[in-house]
Amino acid sequence: MTLLLSRLPAILLLAASTLAHAAAPQVRTQAPGFYRMMLGDFEITALSDGTHAFPIDSVMTHIAPAQIASDLDQAELRQPVQGSINAFLVNTGSKLILIDAGAGQLYGDCCGKLVDHLRAAGYRPEQVDEVLITHLHKDHAGGIAAQGAPVFANAVVRLSQAEADYWLAPAGKASAPAFLASFFDSAVAAAAPYQASRRFQPFKAYGPLEPGIEALAGPGHTPGHAMYLVSSRGQQLLVWGDIVHVSAIQLPHPQATVKYDSSEADASATRWQLLEMAAGMHMLVGAAHIAFPGLGHIAHAGAGYQWLPLNYDSAPSPFSPP
Ligand SMILES: [Zn+2]
């Protein structure tokens, strides 16, 4: 009894400290979604727009359900798999160029975080000089406008002429499957405020757009799907948009397509070609839908490919000549 009493204060202290720890509420938010790297003299900031539950079973085509299950198992993933929506901000030193702009309000609360993350990364939307759009799907172009107003008040919006023609002319919507109807409407709404101020400027030919920025064709997912090759001091980053939607499936099995592909055959052919090129050239890739920050390399793996994410760097350093 005496022994127990003498230990009581210590027991009470222990109980009190346990209670104090238990009272701290879980926070459950993520760090602001930006990741910085240097590419030659250019500063690259990957920006997360958020993640959403990617509806793999209802969207993937040209791959058997058993293969999907096996691929996800190999990657230690369980459905629903969170799909990243990534964009890339390039500060060339003379221009601030945003490549893709996220979903804005069109995907709900999961997403539309790009502007918050851009601010957290030290920039303001009105500083953006150009927005380069890979294609006019909601999760890439939805974020350029909100309630009919431009989100990037001083920016020129650029994309391929083929992409603008397909999504913005009424004929495109009329001939497309019904499930794509809202994509046409959202593309028209995103473009409108920039068209009204003559800052919607599609390019007629792929090729150099700015010093260090070149547009390349990557057709299939959409008719005018563009990629942007960013180059500085001999270093290159290929921002390839939607060449890959679910890396755990489409890298081991590049033939797997998504029902949103305008041409599944072209999308598959483009993916095979790009993966082979990226692996062969050891090219740094910026991917819209590979886990944030979506920066890494492609390597051969068996009959397919694998993703090698960029090594985390807490203090990206300026270019120094080799
Ligand atoms: Zn996309």
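The values are calculated or read from the model by the stated rules, or taken from the named source; none is laboratory data. The structure displayed is predicted, hence computed values, not measured ones. For neighbour counting, all protein chains shown are included, and Cβ atoms are generated from backbone atoms with ideal geometry for every residue, glycine included. Note: areas computed on protein heavy atoms with side chains; ligands, DNA, RNA excluded. Shrake-Rupley method; radii C 1.70, N 1.55, O 1.52, S 1.80 Å.
Looking at this structure, is residue 135 within 16 Å of the ligand (Cβ to nearest atom) and open to solvent by less than 40 Å² (accessible area, probe 1.4 Å)?
The answer is yes for residue 135.
Within region 262-273, track down each residue that is in contact (Cβ under 8 Å) with a residue 24 or more places away in the chain and surrounded by fewer than 22 Cβ atoms within 10 Å (Cβ to Cβ).
262, 263, 264, 265, 266, 268, 269
Given the residues 179, 200, which is the only one that is more than 21 Å from the chain's Cα centre (by Cα), modelled with pLDDT under 95 and aromatic (Phe, Trp, Tyr)?
Result of the check over 179, 200: 179.
Quick one: which residue in 207, 280, 286, 234 is within 16 Å of the ligand (Cβ to nearest atom) and either of a type outside the set (A, V, I, L, M) or open to solvent by less than 50 Å² (accessible area, probe 1.4 Å) (or both)?
Answer to the check: 286.
Quick check on region 259-287: of everything there that is outside any helix (DSSP H, G or I) and either of a type in the set (Phe, Trp, Tyr) or within 19 Å of residue 224 (Cα to Cα) (or both), which residue is farthest from the chain's Cα centre (by Cα)?
Top of the filtered list is 263.
Scan region 243-258 and tell me whether some residue there is part of a helix (DSSP H, G or I) and either free of Cβ contacts under 8 Å to residues at least 24 places away in the same chain or open to solvent by less than 10 Å² (accessible area, probe 1.4 Å) (or both).
Checked against the condition, which is being part of a helix (DSSP H, G or I) and either free of Cβ contacts under 8 Å to residues at least 24 places away in the same chain or open to solvent by less than 10 Å² (accessible area, probe 1.4 Å) (or both), region 243-258 yields at least one hit.
For region 289-304, give me each residue that is open to solvent by less than 10 Å² (accessible area, probe 1.4 Å) and more than 16 Å from the ligand (Cβ to nearest atom). Break it down into steps so the answer makes sense when it comes.
So in region 289-304, the residues open to solvent by less than 10 Å² (accessible area, probe 1.4 Å) come out as 290, 294-296, 298, 304.
Within region 289-304, 295, 296, 298, 304 qualify.
Right, residue 117: within 16 Å of the ligand (Cβ to nearest atom) and in contact (Cβ under 8 Å) with a residue 60 or more places away in the chain or not?
So residue 117 does not fit the description; no.
Of everything in region 55-98, what is within 16 Å of the ligand (Cβ to nearest atom) and surrounded by 21 or more Cβ atoms within 10 Å (Cβ to Cβ)? Give them in sequence order.
Selection gives 56, 60, 83, 84, 85, 86, 87, 88, 98.
Just to be sure I understand the filter: pairs with C-beta atoms under 9 Å, separated by 6 or more residues or on different chains, first member in region 58-69 and at positive phi, second member open to solvent by less than 60 Å² (accessible area, probe 1.4 Å) and part of a helix (DSSP H, G or I). Which pairs pass?
62/264; 62/268
Of all the residues that make up region 102-133, how many are in contact with a Leu (Cβ under 6 Å, 6 or more places away or on another chain) and assigned to a loop (DSSP other than H, G, I, E, B)?
Within region 102-133, residues that are in contact with a Leu (Cβ under 6 Å, 6 or more places away or on another chain) and assigned to a loop (DSSP other than H, G, I, E, B) number 4.
Considering only region 111-131, I want to know if a residue exists there that is out of contact with any Gly (no Cβ under 6 Å at 6 or more places or on another chain), more than 22 Å from residue 179 (Cα to Cα), surrounded by fewer than 24 Cβ atoms within 10 Å (Cβ to Cβ) and among the basic types (Lys, Arg).
There is at least one residue in region 111-131 that is out of contact with any Gly (no Cβ under 6 Å at 6 or more places or on another chain), more than 22 Å from residue 179 (Cα to Cα), surrounded by fewer than 24 Cβ atoms within 10 Å (Cβ to Cβ) and among the basic types (Lys, Arg).
Can you confirm whether region 138-157 contains a residue that is within 16 Å of the ligand (Cβ to nearest atom), in contact (Cβ under 8 Å) with a residue 24 or more places away in the chain, within 22 Å of residue 268 (Cβ to Cβ) and touching an Asp or Glu at 6+ places or on another chain (Cβ under 7 Å)?
The answer is yes; a qualifying residue exists.
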